[in-house]
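So the structure is just underneath, and the comments pick up after that.
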Amino acid sequence: MKVVPSRSSKTPDAAPTHKSSSAMIEIDHVSQIFQTSTRKDHLALSDISLTIEDGAFVSILGPSGCGKSTLLYIVGGFVSPTSGSARMKGKTIAGPGPDRGPVFQEFALFPWKSVLGNVMYGPRQQGVRAADAEAQSRALIEMVGLKGYENFYPKELSGGMKQRVALARTLAYHPEVLLMDEPFGALDAHTRTRLQNDLLNIWERDRKTVLFVTHSVEEAVFLSDKVVMMSRSPGRIRQVIDIDLPRPRRRTELLLDPRYQKYVVDIERMFDDGDVGLGT
């Protein structure tokens with residue numbers, strides 16, 4: 001099962017790409033068993049195989065408890081699969097690394113560091129000179145729309161602003177892959193919409209590979225080249241849906257596009273048919 005990024009030529013202003021079509025992430029017959037508090041085995045993932053190409057934006061969609069986050073953590077190297085393997089650029093994933101940048105729902109910012117200090121942390125840890133790290137970090141802060149907030153601390157920021165800082169901090173590592181686990185799930189609808197637009201703008205600019213976990217059908221369709229639909233626990237890949245919509249995507253146009261509406265309705269029906277179940 002191959003997940004390939006869509007590069008529609010239907011829109012004349014679509015950004016060109018020079019990415020190769022080589023596999024970035026390969027998940028090969030991965031299963032994951034956890035032991036419960038009563039020492040019983042719980043099968044979280046069952047025989048997952050998936051190939052994600054360089055530059056693809058792929059969303060994993062499914063009900064609560066289906067193993068979406070577990071699959072993301074395996075790719076991130078935070079969890080080792082019980083069986084099977086996960087590889088990045090042909091090499092087995094044996095642990096976390098700066099080539100994979102996680103962005104989670106919990107912002108996990110350093111409360112004692114300013115916005116600038118949080119974003120600079122990664123480059124400084126990588127040995128980048130202070131002046132260069134500051135210049136790079138200021139550019140990223142401006143890119144995520146927080147210019148002027150460099151000296152603010154996390155307690156002084158809204159939830160949406162904290163998530164922008166978290167995204168800038170991850171991008172400062174220059175990861176090849178972004179691993180995003182419901183990063184906008186705790187935000188209000190307006191802020192969530194703005195951050196979705198910002199994320200797409202950043203993705204259009206850099207074309208990093210993105211693996212994005214969400215419960216939202218609309219979010220998955222709006223953002224993605226592919227949507228990986230998982231069944232209820234134990235998590236299996238039920239279907240991979242190609243999202244053949246033009247890029248760059250503009251929400252006001254897509255909401256009137258019958259193709260977008262059909263994707264949303266068809267995927268919602270998959271939730272409602274009793275096999276997948278609706279997540280909360």
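Quick look at the values:
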| quantity | calculated |
| --- | --- |
| Nearest-20 debye value, region 21-139 charge dipole, Cβ charges on Lys, Arg, Asp, Glu | 360 debye |
| Dipole magnitude of the chain about its Cα centre (Cβ charges: Lys, Arg +1; Asp, Glu -1), debye to nearest 20 | 460 debye |
| Length gained when the stretch E142-A108 is fully extended (0.36 nm per residue, less Cα-Cα span) | 10.2 nm |
| The chain, accessible area per residue, ligands and nucleic acids excluded (1.4 Å, Å²) | 47 Å² |
| Estimated vicinal HN-Hα couplings, Hz - region 161-170 in sequence order (Karplus 6.51, -1.76, 1.60; Gly, Pro = x) | 5, 4, 5, 5, 5, 4, 5, 4, 4, 5 |
| Anisotropy class of region 133-216 from Cα gyration tensor, a/c 1.5 cut | oblate |
| Most mobile listed residue (Y73, Y149, Y263) in the chain, GNM with C-alpha springs under 10 Å | Y149 |
| Percent carbon-and-sulfur accessible area, region 204-279, ignoring ligands, DNA and RNA, probe 1.4 Å | 50 percent |
| 5 angstrom amide H check on K89, placed H, neighbours 5+ away | I25, E26 |
| Carbon + sulfur, % of accessible area of region 105-185 - ligands and nucleic acids excluded, 1.4 Å | 50 percent |
| Calculated [θ] (222 nm, deg cm²/dmol) that DSSP helices of n ≥ 4 give over the chain, each run adding -39,500 (n - 2.57) | -10000 deg cm²/dmol |
| Under 5 Å, built H, 5+ apart or other chain: amide partners of A44 | Q32, I33, F34 |
| Karplus 3J(HN,Hα) series, Hz, for region 122-130 with 6.51 cos²θ - 1.76 cosθ + 1.60 (x for Gly, Pro) | x, x, 5, 5, 8, x, 6, 4, 4 |
| Region 77-219: proportion of alpha-carbon pairs further apart than 25 angstrom, % | 28 percent |
| Amide H within-cut-off set for V213, under 5 Å, with H built and near neighbours excluded | I60, M180, D181, E182 |
| Alpha carbon centroid spacing (whole Å) that separates region 173-201 from region 153-168 | 12 Å |
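The values are calculated or read from the model by the stated rules, or taken from the named source; none is laboratory data. Quantities reported herein were computed from a predicted structural model and do not represent experimental measurements. Every residue, glycine as well, gets a Cβ built from its backbone with ideal geometry; the counts of neighbours run over all protein chains shown. We work out accessible area using only protein heavy atoms, side chains counted, and drop any ligands, DNA or RNA first. Shrake-Rupley method; radii C 1.70, N 1.55, O 1.52, S 1.80 Å.
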